[in-house]
1. Anything in segment 70-97 that is within 10 Å of A16 (Cβ to Cβ) and in a loop (DSSP other than H, G, I, E, B)? List them, or say none.
2. Restricting to segment 34-71, count the residues that are of a type in the set (S, T, Y), closer than 21 Å to V95 by Cα and within 29 Å of the chain's Cα centre (by Cα).
3. Just give me the residues in segment 264-311 being outside any helix (DSSP H, G or I) and closer than 20 Å to K125 by Cα, in sequence order.
4. Are any residues in segment 228-242 crowded, with 21+ Cβ neighbours inside 10 Å, farther than 19 Å from A269 by Cα and either outside the structural domain of V286 (by TED's automatic domain parsing) or not β-branched (V, I, T) (or both), and if so, which ones?
5. Collect the residues in segment 106-130 that are among the polar types (S, T, N, Q) and assigned to a strand (DSSP E or B), keeping them in residue-number order.
6. Please tell me if L382 is of a type outside the set (V, I, T) and under 18 Å from R343 (Cβ atoms).
7. Out of P162, P218, I need the residue that is closer than 15 Å to T120 by Cα and either assigned to a loop (DSSP other than H, G, I, E, B) or of a type in the set (F, W, Y) (or both). Which one?
8. Kindly evaluate E446 against the criterion of being surrounded by fewer than 17 Cβ atoms within 10 Å (Cβ to Cβ), closer than 15 Å to D333 by Cα and in the same structural domain as S340 (by TED's automatic domain parsing).
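The values are calculated or read from the model by the stated rules, or taken from the named source; none is laboratory data. All values reported here derive from a predicted model rather than from experimental measurement. A quick note on method: Cβ atoms are made from the backbone with ideal geometry, for glycine too, and the neighbour counts reach across all protein chains shown.
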Amino acid sequence: MTLCEYIEALKGKRVALLGLGVSNRPLARLLADAGIDLTVRDMSTPDKLGEAARELEDRGCKFISGPEYLSGIDADVIFRSPGIMPFEPGIEAAVKNGAVLTSEMEAFFEVCPSRIAAVTGSDGKTTTATVISEILKADGKKVWLGGNIGTPLLDKADLMGPEDVAVVELSSFQLMTMTRSPDMALITNISPNHLDKHRSMEEYVDAKRNIFKNPPKPRITVLNADNELTRSFGKDAGEGVRYFSRRNVVENGAYCENGVIYASLGCKAERLMDARDILIPGEHNVENYLGAFALLYGQVKNESLSAVATSFRGVEHRIELVRELRGVRYYNDSIASSPSRTRAGLRSFDEKVILIAGGKDKGVSFDTLGEEIREHVKVLVLTGLTAEKIEKAARDAGYEGPIIKRDDFKDAVLAASSAAGPGDVVLLSPACTSFDRFKDFAERGEYFKKIVTEL
């Protein structure tokens, strides 16, 4: 089915769009331009939603706003924003009454003429998806990178060809209701995350599993052999399962042994490169590359794999070097919205760091982060709603270093700078979401960079 055919099939139906966020805006324009009977439901009013809402109103789109925006949904087809959970009572009632629940990403899977490589996981999925796209481009492929990474792809489907590759990052929220699998699937790892939205850890894990369990099964499914949960998926993932490991040899996939990265298919291993030559720092980035190598090995030239690893500088807001000032290096790791992500960031540095952490609680434990703080943090600077919880976890784990608490985010950054001397690293790696103060992690990271560049 083409995109035009998909839109044509919606004519004569009542369509509801839940949430006018980034992922739904191109879809909303497509539907409005086609004359679809479209109602946008969003907590915010059209005035607050800005120009995008005004353009849709000019095209005849209806809006329902406010706290009850999910009540009384009267539609034949519902497009759900990833941040709106499918078990909301208003959505469940509409589905019970016969509405079809879908999403922008699910529609893209229906109409995409290209091969799809999809990446999910608790940590590392953005970097891994980006690395995969960079390797494919280095190998001469035309690549479309999008999904949860921030770029909707549905409105671009008609520009894609069968020889292209769409590389998509998928969140657990997107995967919950997916009914198709990609051509290639990769799960970086799974650890407790988003438990403020998911009803249980089991639901979160099942969402991740959804990347490979729908027909048709992926031609290749890559799993992290070092992560107990992802490793256990192997028995259900069908044929074409590959693994990656930083600790052990694997028969099919990619692994690191004695500082050397190898790839293997059918037990025949081939040396690819030295792990120390990967440009972006951290053991977790070695794992990200191992996952990408496991997925692409045998499909691209080996030179394309190593060329990207030795030249790619990383993704913004992911252990991004902002500047060095008076011998102090400042790193922006704002993407680290979970304790596991911050633990990985701390392990990226040989020296103890001055850590800025805290934000909105996601309902996960900070106990293991406390242990990492004890081992890797010189000065702990806390801000945001979780400051007290992180402080307790650090002290309970035996951390004896200084703890500085500041209510204001800028004051926290300035306090970290004041505590730093030549040779120190100041790392923003919050271990929490940004939603107590910022619209997303990117805005938080940009503000951090602004403060640092003005020091």
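1. L70, I73, D74, A75, D76
2. Residues that pass the stated criteria total 3.
3. I278, L279, I280, P281, G282, Y297, T310, S311, listed by residue number.
4. Matches in segment 228-242: F233, A237.
5. T120
6. yes
7. P218
8. Spelling it out, E446 is indeed surrounded by fewer than 17 Cβ atoms within 10 Å (Cβ to Cβ), closer than 15 Å to D333 by Cα and in the same structural domain as S340 (by TED's automatic domain parsing).
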